[in-house]
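For reference, the structure is listed below as structure tokens.
The values are calculated or read from the model by the stated rules, or taken from the named source; none is laboratory data. Here the structure is a predicted model, which is why all the values come from computation and not from measurement. Virtual Cβ from ideal backbone geometry, glycine too; neighbours counted across all protein chains shown.
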Ligand code: SAH
Ligand code: SF4
Ligand code: F3S
């Protein structure tokens with residue numbers, strides 16, 4: 001077989017058959033795990049001749065990689081599908097075919113309901129079966145409307161291509177790497193255990209190989225991802241059970257990998273080895289996203305978070321003792337069923353006590369199928385809105401105070417991409433802030449020492465110190 005190919009390709013007049021160029025437009029909603037998945041899907045399609053386009057109208061295939069976390073997120077998908085239906089019709093009138101696929105958590109949660117509600121959709125594919133995407137598209141080409149939402153028995157990561165060098169370069173000097181998927185925590189408000197399934201950890205060797213590939217392509221910073229990333233565990237090269245702390249340790253041995261981060265963590269899974277990693281590994285950035293959701297023990301219990309505010313505060317004290325310059329970010333939900341004014345005041349108090357460099361906060365959104373949806377005592381929308389406004393004002397105040405406190409400091413900056421002004425680059429501080437600095441584009445990927453000179457609403461300003 002090999003010989004045959006050699007003979008054939010030796011003939012100068014025989015063109016090597018390559019698939020026709022087709023264009024895919026991927027729209028990503030939701031969390032970083034979807035960003036990672038969208039890239040993997042694009043990579044999987046590349047071998048069938050698909051190239052990415054930023055222009056939806058040019059696409060032969062439009063893929064929506066969706067999020068189901070709140071009602072609004074899911075609604076967005078159906079309005080996007082309405083617009084796509086019209087585009088598909090218009091293109092068909094011009095004799096051009098356009099396939100529409102829905103991937104991600106809405107695909108997993110709603111499955112054939114999408115095919116029923118949106119007749120223009122050709123394919124619905126859940127996050128556990130992305131490696132079957134090329135095959136599924138072939139079925140669409142044969143005229144089928146495809147639903148792929150079973151939990152695959154095979155390991156999808158073994159079948160999904162790792163990012164290649166050219167694509168990784170184009171994506172920049174920072175990269176995501178999913179190490180863990182799914183969640184067994186079953187917080188009563190959350191759809192993730194239903195859309196992403198139960199917890200699965202990728203094996204050490206697979207992760208190390210992918211990280212090495214990224215670094216070989218010029219990546220300087222890797223963020224390990226998981227719905228519950230610090231629940232990651234696996235058998236290490238030494239035959240021992242490893243947790244995320246040991247995995248981070250192993251990854252620091254990759255030469256050229258300057259920075260590591262991980263997200264999102266659950267407070268209950270912050271073990272000693274992970275805390276020690278914050279103490280021992282200079283590559284591990286001093287920034288931790290550690291959501292608590294509420295500052296009321298009563299509500300934490302109703303949410304099934306399975307820890308108290310005192311335990312959370314004590315945990316943070318331990319991590320900060322290990323890494324004193326650590327800054328925190330968090331997630332909050334206001335208006336969980338039964339949340340009283342006092343419960344909400346407890347949340348404000350907790351935020352005052354902890355002090356966040358950044359945080360995300362949301363009104364509770366009832367998700368069908370979760371235990372929270374069955375609870376009485378739902379909080380009225382206007383009450384939720386008022387609470388959210390107060391919480392966000394406090395969190396913004398803290399974020400600004402954190403940025404102001406950076407002024408005058410000299411920090412390491414990873415130069416990532418061109419800035420808005422010519423001669424300017426944007427870099428990331430250790431605490432994930434965007435920082436504008438005058439630098440040459442040839443310096444992208446370098447880590448430079450800068451002094452912070454000012455703070456705007458969403459970014460900092462700095463000058464390089466020699
Ligand atoms: N695994 C992470 C969270 C993933 S979802 C953790 O354990 O914290 C991201 C955030 O969305 C959550 O932290 C929560 O603040 C928010 N969220 C999840 N379900 C929600 C809902 N039903 N309504 C409002 N916000 C929600
Ligand atoms: Fe959802 Fe809770 Fe799992 Fe986070 S830990 S993904 S909030 S169920
Ligand atoms: Fe959304 Fe699914 Fe992520 S519901 S937040 S895309 S895991």
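A few points about this structure:
- Index of the failed condition, residue 434 passing every other in (1) under 21 Å from residue 223 (Cβ atoms); (2) in the same structural domain as residue 296 (by TED's automatic domain parsing); (3) surrounded by fewer than 20 Cβ atoms within 10 Å (Cβ to Cβ); (4) touching a strand residue (DSSP E or B) at 6+ places or on another chain (Cβ under 6 Å): (2)
- For residue 311, the conditions (1) more than 16 Å from ligand 1 (Cβ to nearest atom); (2) closer than 25 Å to residue 340 by Cβ all hold with the exception of (1).
- Every pair of residues 6+ apart whose Cβ atoms lie under 8 Å, when the first sits in the range 366-382 and is closer than 10 Å to residue 190 by Cα and in the same structural domain as residue 301 (by TED's automatic domain parsing) while the second is more than 10 Å from ligand 1 (Cβ to nearest atom) and not in a helix (DSSP H, G or I): 366/378; 371/186; 371/304; 372/337
- Test: residue in the range 416-428 that is under 24 Å from the mean Cα position of the chain (by Cα), closer than 30 Å to residue 293 by Cβ and surrounded by 15 or more Cβ atoms within 10 Å (Cβ to Cβ): yes
- Residue in the range 199-212 that is within 21 Å of residue 306 (Cα to Cα), in contact (Cβ under 8 Å) with a residue 24 or more places away in the chain and within 16 Å of ligand 1 (Cβ to nearest atom) present: yes
- Residue list for the range 20-35, restricted to those being surrounded by fewer than 20 Cβ atoms within 10 Å (Cβ to Cβ), farther than 20 Å from residue 81 by Cα and in contact with a strand residue (DSSP E or B) (Cβ under 7 Å, 6 or more places away or on another chain): 21, 22, 32
- Comparison of 260, 300 shows that the only residue that is more than 30 Å from residue 413 (Cα to Cα) and not in a loop (DSSP other than H, G, I, E, B) is 300.
- Tally of residues being in contact with a helix residue (DSSP H, G or I) (Cβ under 7 Å, 6 or more places away or on another chain), away from ligand 3 (no atom under 16 Å from the Cβ) and either closer than 18 Å to residue 399 by Cα or outside the structural domain of residue 276 (by TED's automatic domain parsing) (or both) across the range 320-358: 13
- Residue within the range 352-367 that is more than 26 Å from the chain's Cα centre (by Cα) and either within 9 Å of ligand 1 (Cβ to nearest atom) or part of a helix (DSSP H, G or I) (or both) present: yes
- Residue within the range 368-379 that is over 21 Å from residue 298 (Cα atoms) and within 26 Å of the chain's Cα centre (by Cα) present: yes
- Of all residues in the range 214-235, exactly one satisfies the criterion of being surrounded by fewer than 16 Cβ atoms within 10 Å (Cβ to Cβ) and either under 23 Å from residue 183 (Cβ atoms) or touching a helix residue (DSSP H, G or I) at 6+ places or on another chain (Cβ under 6 Å) (or both), namely 235.
- Scanning the range 152-164 for residues that are modelled with pLDDT under 85 and in a helix (DSSP H, G or I), we see that the one that is surrounded by the most Cβ atoms within 10 Å (Cβ to Cβ) is 156.
- Taken as a whole, the range 279-295 holds at least one residue that is in a loop (DSSP other than H, G, I, E, B), away from ligand 1 (no atom under 16 Å from the Cβ), touching a helix residue (DSSP H, G or I) at 6+ places or on another chain (Cβ under 9 Å) and in contact (Cβ under 8 Å) with a residue 60 or more places away in the chain.
- The residue that is farthest from ligand 1 (Cβ to nearest atom), among those in the range 29-76 that are over 18 Å from the mean Cα position of the chain (by Cα) and under 30 Å from residue 366 (Cβ atoms), is 62.
- Of residues in the range 268-292 being surrounded by 23 or more Cβ atoms within 10 Å (Cβ to Cβ) and within 21 Å of residue 185 (Cα to Cα), the one farthest from ligand 3 (Cβ to nearest atom): 274
Conditions tested, residue by residue: (1) more than 15 Å from ligand 3 (Cβ to nearest atom); (2) loosely packed, with under 14 Cβ neighbours inside 10 Å; (3) within 30 Å of residue 222 (Cβ to Cβ).
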residue: 83; (1), (2), (3): yes, yes, no
residue: 90; (1), (2), (3): yes, yes, no
residue: 101; (1), (2), (3): yes, no, yes
residue: 105; (1), (2), (3): no, no, yes
residue: 127; (1), (2), (3): no, no, yes
residue: 140; (1), (2), (3): yes, no, no
residue: 147; (1), (2), (3): yes, no, no
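- Some residue of the range 304-326 being within 16 Å of residue 187 (Cα to Cα), within 23 Å of the chain's Cα centre (by Cα) and surrounded by 19 or more Cβ atoms within 10 Å (Cβ to Cβ): yes
- The combined condition, being out of contact with any helix residue (DSSP H, G or I) (no Cβ under 9 Å at 6 or more places or on another chain) and within 22 Å of residue 358 (Cβ to Cβ), is fulfilled by residue 317.
- In the range 29-68, the residues that are near ligand 3 (Cβ under 9 Å from one of its atoms) and in contact with a helix residue (DSSP H, G or I) (Cβ under 7 Å, 6 or more places away or on another chain): 29, 30, 34, 37, 65, 66, 67, 68
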